[in-house]
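Here's the structure we're looking at; comments come further down.
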Amino acid sequence: MKKIIITIDGWSSCGKSTLARQMAKSLGYVYIDSGAMYRAITLYFLRNHIDWTNESETTEALSNIHLSFTYNEKSAQSEMYLNNENVEYFIRDLVVAEKVSEVAAISSVRTFAVSQQQKMGEKKGIVMDGRDIGTTVFPKAELKIFMTADIPIRVERRYSEMAAKNPNVTIEEVKSNLQMRDQIDSTRAVSPLRMADDAILLDNSKLSMEDQLDIALKLVAKAL
Ligand code: DC
């Protein structure tokens with residue numbers, strides 16, 4: 001059966017990874033969370049006190065970073081490894097979320113991540129979600145989805161996810177982080193978040209997860 005590349009871009013906390021994961025599972029494709037890579041790089045920079053406004057320091061730091069994904073049978077999810085350490089838990093922290101958009105705006109960081117993402121798609125049969133996947137990473141992808149949802153819904157979704165882990169987090173903190181990231185991600189100079197001309201818009205504000213998956217799988221059938 002023909003395998004294609006599916007890209008899912010969109011605003012923060014729109015449910016991109018939920019949809020991407022479900023699509024990959026039903027199609028038997030690989031799912032790659034490109035945001036996890038930017039988060040892992042940010043975690044490395046924070047832990048090692050890297051001044052990412054300094055170009056040579058950033059380049060040197062990147063040369064010491066090895067990123068990989070490993071499938072965890074227990075969680076039935078592929079998890080992010082930074083220099084062979086499972087960092088899946090740490091990269092979801094608000095401390096990382098507060099800095100990740102700043103780090104992801106750096107040109108050398110993007111070159112580093114994008115070249116690895118492109119390699120992962122060489123054999124096709126992949127669903128990758130992020131911000132620039134349909135525009136920069138795989139501009140020739142056979143199916144591009146751009147996701148959006150109303151802000152209060154996105155805030156609520158992200159808040160319940162974060163509060164389960166950290167009961168001290170407030171809804172205001174989550175909202176301001178989400179808005180700040182959208183602002184930085186969509187206005188940065190290199191590969192800003194934007195909908196590719198040939199992407200299909202999917203607003204899931206009023207959709208159940210089942211409905212959303214159903215729509216997406218119909219789009220796949222069309223693309224095949
Ligand atoms: O998808 P996420 O929220 O985990 O992504 C974290 C940050 O990484 C997001 O605010 C912007 C950045 N990012 C990016 O610049 N390009 C991507 N392809 C994916 C994420």
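Report the residue count in the stretch 102-131 for those that are within 12 Å of the ligand (Cβ to nearest atom) and assigned to a loop (DSSP other than H, G, I, E, B).
3
Can you find even one residue in the stretch 77-95 that is at negative phi, assigned to a loop (DSSP other than H, G, I, E, B), touching a strand residue (DSSP E or B) at 6+ places or on another chain (Cβ under 7 Å) and open to solvent by 60 Å² or more (accessible area, probe 1.4 Å)?
For the stretch 77-95, residues at negative phi, assigned to a loop (DSSP other than H, G, I, E, B), touching a strand residue (DSSP E or B) at 6+ places or on another chain (Cβ under 7 Å) and open to solvent by 60 Å² or more (accessible area, probe 1.4 Å): absent.
For the stretch 168-195, which residues satisfy the criterion of being assigned to a loop (DSSP other than H, G, I, E, B) and either open to solvent by 70 Å² or more (accessible area, probe 1.4 Å) or closer than 21 Å to residue 18 by Cα (or both)?
Listed by number, the residues that qualify are 168, 189, 193, 194, 195.
Looking at 70, 58, can you tell me which residue is touching a Phe, Trp or Tyr at 6+ places or on another chain (Cβ under 7 Å) and under 24 Å from residue 19 (Cβ atoms)?
One residue alone meets the criteria, 70.
Which condition number in (1) within 15 Å of the ligand (Cβ to nearest atom); (2) part of a helix (DSSP H, G or I); (3) open to solvent by less than 60 Å² (accessible area, probe 1.4 Å); (4) touching a residue at least 24 places away in the same chain (Cβ under 8 Å) is the one that residue 153 fails?
With (1) within 15 Å of the ligand (Cβ to nearest atom); (2) part of a helix (DSSP H, G or I); (3) open to solvent by less than 60 Å² (accessible area, probe 1.4 Å); (4) touching a residue at least 24 places away in the same chain (Cβ under 8 Å) applied to residue 153, the lone miss is (1).
Within the stretch 48-64, is even one residue open to solvent by 20 Å² or more (accessible area, probe 1.4 Å), within 20 Å of residue 99 (Cα to Cα) and either touching a residue at least 60 places away in the same chain (Cβ under 8 Å) or in contact with a strand residue (DSSP E or B) (Cβ under 9 Å, 6 or more places away or on another chain) (or both)?
Looking for residues that are open to solvent by 20 Å² or more (accessible area, probe 1.4 Å), within 20 Å of residue 99 (Cα to Cα) and either touching a residue at least 60 places away in the same chain (Cβ under 8 Å) or in contact with a strand residue (DSSP E or B) (Cβ under 9 Å, 6 or more places away or on another chain) (or both), one finds none in the stretch 48-64, hence no.
The values are calculated or read from the model by the stated rules, or taken from the named source; none is laboratory data. Just so we're clear, the structure is a prediction, and the values are computed from it rather than from any experiment. Please note: Cβ atoms are built from the backbone with ideal geometry, for glycine as well, and neighbour counts cover all protein chains shown. Just the protein is used for accessible areas: all its heavy atoms, side chains included, with ligands, DNA and RNA removed. Shrake-Rupley method; radii C 1.70, N 1.55, O 1.52, S 1.80 Å.
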